[in-house]
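Undergrad: Below are the structure tokens for one structure; questions will follow.
The values are calculated or read from the model by the stated rules, or taken from the named source; none is laboratory data. A quick note: this is a predicted structure, and the numbers were derived from the prediction, not measured. With ideal geometry, Cβ positions are generated from the backbone for all residues, glycine too; neighbour counts draw on all protein chains shown. In case anyone asks, the SASA skips ligands and DNA or RNA and just uses the protein heavy atoms, side chains included. Shrake-Rupley method; radii C 1.70, N 1.55, O 1.52, S 1.80 Å.
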Amino acid sequence: MTDKVIANKNIDIRESFFGLVKRAYYLPTESKINVSLKDLDIETGTRVKKLLDSHNGNLKEDVAELGEVKESPISNMRLEVCVSCDGQFAAFQLLRFMGIDYRPITDVKIYEGAEAELVASALGSPN
């Protein structure tokens, strides 16, 4: 997912502490991007996949249909989450444990503006 987020024209990677620390920023608002991983059970992961794969054009309806998203201590799905501190940028990718590692089962979905706030509020933000 990192490559897709970095490739976005609105993302800037800044180095500090002699190049040892790198942080991503959403340029339109100069907001730092936080990253987290959320472990999900299969039922929750399936609902999240449906949201991330949706193309019906009614994001509010899709988020309402999603329901509550809770992390699970026993899981085989993982959600990668990147959300700016101000909520104006969000990127998500769902992975599933297969074999010996996690593999993507959705494309990286990037949202900006009000859509980012809406989806981040439903899927949980790392802030």
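Undergrad: Hey, quick one: spin label on ASN76, modelled 7 Å out along Cα-Cβ, who in region 91-127 has an amide N within reach, i.e. under 17 Å?
TA: Counting only backbone N, you get 94-106.
Undergrad: Can you give me the accessible area per residue for the chain, using a 1.4 Å probe, in Å²?
TA: Working: 7350 Å² over 127 residues.
With all protein chains present, the chain gives 58 Å² per residue.
Undergrad: Take the solvent-accessible surface of the protein heavy atoms, probe 1.4 Å, and return the percent of it on the chain that carbon and sulfur atoms account for. Walk me through the numbers before you get to the answer.
TA: Numbers: 3830 of 7350 Å².
Using a 1.4 Å probe with all protein chains present, the chain comes out at 52 percent carbon and sulfur.
Undergrad: Lysine pairs in the chain 8 or more apart or on different chains: how many have alpha carbons under 25 angstrom apart?
TA: Lysine pairs, 8 or more places apart or on different chains, close enough: 29.
Undergrad: Shifting gears a bit: Do you know the relative contact order of region 36-86, to the nearest whole percent, from alpha carbon pairs under 8 angstrom that are 6+ apart? Before the final figure, lay out the partial values.
TA: On the way: 50 pairs, mean separation 33.5, N = 51.
The normalised contact order for region 36-86 reaches 66 percent.
Undergrad: Counting only C-alpha contacts under 8 Å and six or more residues apart, can you give the relative contact order of the chain as a whole percent? Intermediate values should be presented prior to the final figure.
TA: On the way: 234 pairs, mean separation 30.8, N = 127.
24 percent.
Undergrad: So how exposed is SER75, as accessible area in Å² (1.4 Å probe, rounded to 10)?
TA: The accessible area of SER75 comes to roughly 40 Å².
Undergrad: Tell me, what HN-Hα J-couplings in whole Hz come from the Karplus equation 6.51 cos²θ - 1.76 cosθ + 1.60 at θ = phi - 60° for each residue of region 71-84, using x for Gly and Pro?
TA: Coupling constants for region 71-84: 6, 10, x, 10, 8, 9, 10, 9, 10, 8, 10, 10, 9, 6 Hz.
Undergrad: In nm, what is the difference between 0.36 nm times the number of residues separating PHE18 and ARG103 and their Cα-Cα distance? List each step's numbers first, then the result.
TA: Details: separation 85, 0.36 × 85 = 30.60 nm, distance 3.31 nm.
That works out to 27.3 nm of additional length.
Undergrad: Apply the a/c threshold of 1.5 to the C-alpha gyration tensor of region 33-124 and tell me whether it is rounded, prolate or oblate. Numbers along the way, then the final one.
TA: Working: a/c = 1.74, a/b = 1.41, b/c = 1.24.
Note, shape of region 33-124 comes out prolate.
Undergrad: In addition: Could you check the simple spin-label distance between GLU68 and ASP53, using points 7 Å along Cα→Cβ, in nm with one decimal?
TA: Going from the GLU68 label point to the ASP53 one covers 2.6 nm.
Undergrad: Further question on the same structure: Sort PHE17, PHE89 by accessible area with a 1.4 Å probe, largest first. It would help to have the intermediate numbers written out before the result.
TA: Working: PHE17 135, PHE89 0 Å².
So the residues, ranked largest to smallest area, are PHE17, PHE89.
Undergrad: State to the nearest 20 debye the size of the charge dipole of the chain about its Cα centre, where the only charges are +1 on K and R beta carbons and -1 on D and E beta carbons. Kindly include the intermediate steps, with their values, before the conclusion.
TA: Details: 16 positive and 20 negative charges, 65 e Å.
The dipole magnitude comes to about 320 debye.
Undergrad: Quick one: which residues, 5 or more positions from ASN34 or on another chain, have an amide H under 5 Å from its amide H? H modelled 1.01 Å from N in the peptide plane, none for Pro or chain starts.
TA: Excluding prolines and chain starts, which carry no amide H, the hits are VAL83, SER84, CYS85.
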